[in-house]
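Written below as structure tokens is the structure these notes are about.
The values are calculated or read from the model by the stated rules, or taken from the named source; none is laboratory data. Since we're looking at a predicted model, the values are computed, not measured. Using ideal geometry, Cβ is built from the backbone for each residue, glycine included, and neighbour counts are taken over all protein chains shown.
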Amino acid sequence: MSDERTTPTAAPADERDILTELEAEVAESLAEEQAPPGGPAYQVVGALVALVIGLGGAALALGYGLGSLRKPGPGLWPFVVSVLIAALAVALLMVGRRLQDSEKFTRASVLPAVGVVTFLVLGALMPVIGFEIPSLLLCAVWLRFLGGESWRSTVVISVATVAAFYLLFLYGLRIPLPHLI
Amino acid sequence: MDVNAFLDGFGIVTQPHNLLYCLIGVVIGMLIGVLPGLGPAATIAILLPITYNIDPVSAIIMLAGIYYGAQYGGTITSVLLRLPGEASSVVTVFDGFALAKQGKAGTALGIAAIGSFVGATISIIGLTLLAPLIAGFALDFGPPEYAALALLGVLLVATIGNGHMLKALIAAAVGLLLATVGRDTFSGAERFTFGSLQLADGIDFVVVAMGLFGVGEILYNLEERHGKAHVPAKVANIWPSRADLKQSSGAIGRGSLIGFVLGVLPGGGAVMSSLAAYATEKRIAKDPSRFGRGAIEGVASPETANNAAATSSFIPLLTIGIPANASMAMLFGALLILGITPGPQLVDERPDLFWGVINSMYIGNLILLLLSIPLVGIFVRILRVRPAILAPITALITILGVYTINNSIFDIFVMIFFGVVGYLMKKAGFEPGPMVLAFVLGSIVESSTRRSLLIFDGDPTGFFTRPISGTILALFVVVALWPVVKHLLRRRTPAATADTSAPDREDADITV
């Protein structure tokens with residue numbers, strides 16, 4: 001029974017070793033598919049963004065009024081949290097420069113950027129001309145340009161998808177999406 | 001345990017519409033488990049808007065089904081393609097793929113399915129028996145206990161989870177800060193709204209979760225995807241032989257226990273338990289060298305353990321209202337949307353929901369067993385669908401879905417914003433999981449802390465002098481300082497420097 005209940009934290013040394021080995025093996029098999037790490041600049045930027053959030057949050061929270069421990073003001077909790085963020089960010093700046101867990105932006109990173117643009121266009125056009133045409137456009141861009149499908153399957157799949165959503169939302173769920181037809 | 005309420009729970013589950021939602025949930029779970037890309041947390045996030053439109057019990061039954069269903073599906077790609085569908089099936093790859101190469105893919109899948117079913121069922125029985133007891137114990141918890149518990153939950157998820165601990169803690173703290181956006185419930189003062197009316201009500205949890213998990217992962221996959229479908233190995237002879245069953249029965253038993261115990265711990269979850277179960281089998285095996293070369297126990301134990309863990313991670317959610325991992329945070333959020341605060345009172349106040357969800361798992365697992373043994377061929381065929389075709393469909397579900405919550409275009413843009421944040425976080429090595437978890441717990445931590453301070457008349461030592469909150473906070477300190485202590489110890493004994501820290505341990509749910 002005792003064997004069965006051992007957790008890795010309480011395990012004897014030899015099990016720990018197997019676990020460590022396994023984790024390394026797992027990390028390796030995952031790493032095969034990952035983009036190369038981004039290097040120190042990525043780490044520093046990440047930590048600096050966190051630092052800015054922490055300092056900005058703390059400054060704003062001060063303005064909301066800290067109150068006292070007996071009568072905490074609206075700013076006390078956000079202030080404490082912001083200071084914590086800033087402190088952790090400083091710690092990360094000091095120890096985290098050489099971490100390998102970031103991923104380099106590559107030429108493939110253009111794809112998500114285009115994806116975001118299609119999202120924004122859909123959001124902007126939907127209240128104006130309904131969801132059908134922008135959705136068709138989104139599908140077409142994603143299938144043809146981001147996914148590399150043929151024109152034929154692009155047209156078939158986009159039309160079928162939008163038609164299915166039309167039926168599902170407007171008739172199936174009776175949700176009043178802004179629509180053209 | 002209230003036997004009548006338990007039996008009534010079965011009455012609720014067997015209502016046709018609940019059975020249907022259970023079926024839909026586990027099938028979706030199985031599908032996203034098979035398809036590498038979206039993980040269960042992201043899928044639940046994307047489907048959260050549905051909870052506004054259907055009955056609460058059905059909604060939770062369905063969303064829960066997605067989570068445990070994904071554990072079954074993840075096995076299939078591990079065995080057939082050497083490509084884990086879910087992070088918790090990564091170790092299955094070693095022996096599963098080796099078996100597939102020897103033409104025994106069917107056996108591996110069959111044993112994994114049976115192990116999954118046994119592990120999950122043992123775990124549900126444990127859940128059925130233990131959950132009401134824990135809830136009864138937690139009924140005495142006051143604001144200080146809740147504050148301490150929620151903080152410990154956030155910390156555990158950040159430390160045990162994926163990635164560098166400092167980064168996870170930063171993400172969690174930013175989540176806590178995000179939760180303060182909007183009108184302060186105590187004083188009515190507006191915080192971080194920058195004069196925006198839409199922000200005054202706070203940021204909707206669903207919108208944040210759909211952005212960080214849903215859109216974030218969709219964008220990330222867009223970049224990672226290689227655009228080709230995989231052609232899986234042929235699967236034949238799915239029914240394992242009696243000898244195989246006999247050989248793996250011990251592994252299944254041990255896997256169930258390991259999974260159940262580790263699943264209860266916040267941050268433990270499916271991934272860690274599958275690793276621990278595999279390691280245990282390898283350690284006690286007469287001939288450890290068989291592992292990695294097609295040992296059937298190497299498939300049976302991690303697959304059993306990850307299902308047992310997925311089930312038992314419902315215990316902290318349903319009994320004390322603390323989500324143990326990102327998927328549970330999604331369910332927590334879904335319950336909040338439905339006007340139900342998960343906590344110890346749940347079992348008494350909403351026995352229909354409590355027992356309905358637990359008992360739906362008995363049935364859901366039966367359905368999954370059927371799906372993964374006789375019907376496995378269908379799911380294998382789904383592997384041939386090109387990811388490029390699914391991407392725009394998930395994108396549209398997400399964007400139209402978020403609109404339907406409040407009929408708000410503003411929400412779409414907030415979601416896109418958090419989607420970009422989630423994507424950039426992944427690029428910079430920050431996991432969005434702890435952030436979402438902290439965000440959902442944020443208002444509880446803040447209001448419990450402030451209420452406690454009022455109770456203690458401004459004296460923060462009160463947290464430490466109450467026995468339960470004191471114990472929890474002592475644990476908190478131990479967990480927080482453990483890495484530092486370990487670091488110091490390692491410095492002292494250079495012999496042990498063979499890097500045992502392994503900073504990128506995988507966490508429960510976000511797929512890789």
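Of note:
- Qualifying residue in the range B:441-461 (condition: over 22 Å from A:PRO74 (Cα atoms), aliphatic (A, V, I, L, M), part of a helix (DSSP H, G or I) and touching a helix residue (DSSP H, G or I) at 6+ places or on another chain (Cβ under 9 Å)): no
- B:VAL402, sole failed condition from (1) outside any loop (DSSP other than H, G, I, E, B); (2) buried (at least 22 other Cβ atoms within 10 Å of the Cβ); (3) away from chain A (no Cβ under 14 Å); (4) not small (Gly, Ala, Ser): (3)
- Residues within the range B:39-48 that are surrounded by fewer than 24 Cβ atoms within 10 Å (Cβ to Cβ) and either under 23 Å from B:LEU83 (Cα atoms) or touching a strand residue (DSSP E or B) at 6+ places or on another chain (Cβ under 6 Å) (or both), tallied: 0
- Selection of first residues in the range A:70-85 that are within 7 Å of chain B (Cβ to nearest Cβ) and assigned to a strand (DSSP E or B) and of second residues that are of a type in the set (A, V, I, L, M, F, W, C) and buried (at least 20 other Cβ atoms within 10 Å of the Cβ), restricted to Cβ pairs under 7 Å at least 6 apart or on distinct chains, gives the following pairs, ordered by first then second residue: A:PRO72/B:LEU453.
- Residue satisfying all of: in the range A:46-69; surrounded by 19 or more Cβ atoms within 10 Å (Cβ to Cβ), under 23 Å from the mean Cα position of the chain (by Cα) and not small (Gly, Ala, Ser); farthest from the other protein chains (Cβ to nearest Cβ) among these: A:LEU51
- Considering only residues in the range B:180-216 that are at the interface with chain A (Cβ under 9 Å from one of its Cβ atoms) and among the small types (Gly, Ala, Ser), the one that is nearest to A:GLY57 (Cα to Cα) turns out to be B:ALA189.
- Some residue of the range B:79-86 being β-branched (Val, Ile, Thr), out of contact with any strand residue (DSSP E or B) (no Cβ under 7 Å at 6 or more places or on another chain), in a helix (DSSP H, G or I) and surrounded by fewer than 24 Cβ atoms within 10 Å (Cβ to Cβ): no
- Among (1) under 25 Å from B:GLU223 (Cβ atoms); (2) in contact with a Leu (Cβ under 9 Å, 6 or more places away or on another chain); (3) loosely packed, with under 13 Cβ neighbours inside 10 Å, the one test that A:PRO176 misses: (1)
- Scanning the range A:22-45 for residues that are more than 8 Å from every other protein chain (Cβ to nearest Cβ) and part of a helix (DSSP H, G or I), we see that the one that is modelled with the highest pLDDT is A:VAL44.
- Residue in the range A:102-118 that is assigned to a helix (DSSP H, G or I), within 26 Å of the chain's Cα centre (by Cα) and more than 9 Å from chain B (Cβ to nearest Cβ) present: yes
- Selection from the range B:1-33 of residues that are under 25 Å from B:GLU224 (Cβ atoms) and surrounded by fewer than 24 Cβ atoms within 10 Å (Cβ to Cβ): B:ILE28, B:LEU31
- Taking the range B:273-287 as the range and being within 7 Å of chain A (Cβ to nearest Cβ) and either surrounded by fewer than 18 Cβ atoms within 10 Å (Cβ to Cβ) or of a type in the set (A, V, I, L, M) (or both) as the test, the residues that pass are B:LEU275, B:ALA276, B:ALA279, B:ILE284.
- None of B:LEU375, B:LEU370 is closer than 12 Å to B:MET30 by Cβ and either more than 24 Å from the chain's Cα centre (by Cα) or of a type in the set (Lys, Arg) (or both) except B:LEU375.
- Within the range A:132-181, being part of a loop (DSSP other than H, G, I, E, B) and basic (Lys, Arg) holds for one residue alone: A:ARG174.
- Every residue from the range A:86-101 that is assigned to a helix (DSSP H, G or I) and either in contact (Cβ under 8 Å) with a residue 12 or more places away in the chain or not aliphatic (A, V, I, L, M) (or both): A:ALA86, A:ALA87, A:LEU88, A:ALA89, A:VAL90, A:LEU92, A:LEU93
- Test: residue in the range B:144-154 that is more than 17 Å from B:LEU353 (Cα to Cα), in a loop (DSSP other than H, G, I, E, B) and modelled with pLDDT of 85 or more: no
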